[in-house]
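Contents: one structure, followed by commentary.
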Amino acid sequence: MNRFRVWPAIVVLALGLGAGCSTNPKVTLPPAAGAPHFPDYVFPVVPAKLAPPGIDALHELGWQWLQAGDPKAAERNFTAALRQAPGFYPSEAGLGYAALARKDYKEAATHFERALTANPAYAPALAGRGEALLTLGQREQALSSFESAVAADPQLSSIRSRIEVLRFRGLQDDVDAARKAAEAGRLEEARVMYERTLAASPDSPFLYRELAIVERREGNLAGALEHAQKAATLNPTESRNFMAIGEIYEAQSEYVKAADAYATAAALEPSDATDAKIEDLRAKAAFATMPAEYKSIESSPTVTRAQLAALIGVRLDDLLKRAPRSNSVVITDTRGSWAAPWILSVARSGLMEVYPNHTFQPNATVRRGDLAQSASNALTMIAAGNPRLAATLRNARGKFPDVPPGHLSYQAASFAVESGVMSTTADGTFQLSRPVTGQEAVAAVGKLIELSGHQAR
């Protein structure tokens, strides 16, 4: 509901209107848009067909001046709009917000009352009147005005939060004490206080959420989940309720449910941090369903060809989908293998070879030369759409004491090292026959993911 923007077409119309009407002051533009000075003020939206476009333009300009930090300039534009259209109550509400900005709360309340005389269900004026009354010390009347604003416009989630606070101000001492107890680690004391407060006010979503947070810290995940879900039911537009649910599911290792809860929170309040958490949880959920042979890759002292095929098949899935595929591959020894689907995928894409006798040898140990060849195949695919990598590969001339330029594996080793997918040993040798560790395989595939420009799975 809050706005602070420049609409050039409207501003031009306002300028034209100001030039053509003797009742208007000279129209001037606010400075370039920056951070709004009053982001919590609710923009007095103009109902359809309430006034001609020129009046609407003056009203918009007044709001821009207000958010630029100049209430007086805002008042001039709102007043100009009202002179031309005396019944234009959005600008009457605008004058109320300008008076709020000047800290003249009695005048603000008067303007809001005038707007509400014209339209008793006008949410921006109801919200503004609540602010004015609250500052004047009329808490109950302010609460009533805020409640009417939310009833008129349920999207006013920030006003809903203000209502919660006002409803429980009489219980604020207990809430503050509960929070302090929680911060100090006195979780049982905090829980008892929250439960007592909820007994007096059983429909408070934020109290259910805070109780859930304390219970999660206590280890009572079942109770925490029940109360967090209650908070979300009472207020489904508050992202923090779903964040609390996600945290509880995450603590229970229910990664899919946690990711779904965080996704709901992100839809209500977008956040890069929340998006990253969702990606991580989706990956954990996928990993949890994988065979034990796959889960053990990173900690394994050696890696089998089946494990490497699965690692490539899972984490480089995007690259495999883009690669030309051969349907004529025949493999005779992978039936019943836990990695059979991934073996077939990497074999058809050409990232890993099938031997001339049509065997894949899934249980064979992967050597550094094998990994280099698979990496070289993947790099060649990636380079097709990456000119910089293609140039790196063209100029790859590795110097390995144990792999001369004439060796069959020389080019693969050069590609792998020059691209950063693999590295030489401390003495500069490549050691083609040395077994690959799980960490080496994971690191190599991770670098290929980075070069391919796709997210890891």
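The values are calculated or read from the model by the stated rules, or taken from the named source; none is laboratory data. Just so it is clear, the structure is predicted and the values come from calculations on it, not from any experiment. Reconstructed Cβ throughout: ideal geometry from the backbone, glycine too, with neighbour counts over all protein chains shown. Side chains included, ligands, DNA and RNA excluded: accessible areas come from the protein's heavy atoms. Shrake-Rupley method; radii C 1.70, N 1.55, O 1.52, S 1.80 Å.
Miscellaneous remarks
- Long-range neighbours under 8 Å by Cβ, at least six apart or interchain, first residue open to solvent by less than 70 Å² (accessible area, probe 1.4 Å) within region 176-199, second aromatic (Phe, Trp, Tyr): 178/194; 197/168; 198/208
- Test: residue in region 335-347 that is exposed (fewer than 14 other Cβ atoms within 10 Å of the Cβ), more than 16 Å from residue 447 (Cα to Cα) and among the aliphatic types (A, V, I, L, M): no
- Some residue of region 410-419 being among the aromatic types (Phe, Trp, Tyr) and touching a Pro at 6+ places or on another chain (Cβ under 9 Å): yes
- Flag for residue 224 being farther than 29 Å from residue 181 by Cβ and either under 15 Å from the mean Cα position of the chain (by Cα) or not in a loop (DSSP other than H, G, I, E, B) (or both): no
- Annotation note: of 261, 266, the sole residue that is surrounded by 20 or more Cβ atoms within 10 Å (Cβ to Cβ), touching an Asp or Glu at 6+ places or on another chain (Cβ under 7 Å) and among the small types (Gly, Ala, Ser) is 266.
- Verdict on residue 432 being open to solvent by 10 Å² or more (accessible area, probe 1.4 Å) and in a loop (DSSP other than H, G, I, E, B): yes
- Any hit, region 400-407, residues being in a helix (DSSP H, G or I), over 36 Å from the mean Cα position of the chain (by Cα) and small (Gly, Ala, Ser): no
- Answer residue from region 138-164, given it is outside any helix (DSSP H, G or I) and open to solvent by 60 Å² or more (accessible area, probe 1.4 Å) and is farthest from residue 91 (Cα to Cα) among those: 138
- A single member of 412, 443 is touching a residue at least 40 places away in the same chain (Cβ under 8 Å), out of contact with any Lys or Arg (no Cβ under 8 Å at 6 or more places or on another chain), not hydroxyl-bearing (Ser, Thr, Tyr) and not in a loop (DSSP other than H, G, I, E, B), and it is 412.
- One residue stands out in region 200-246 among those that are of a type in the set (Val, Ile, Thr) and open to solvent by less than 50 Å² (accessible area, probe 1.4 Å): the one that is nearest to residue 188 (Cα to Cα), namely 214.
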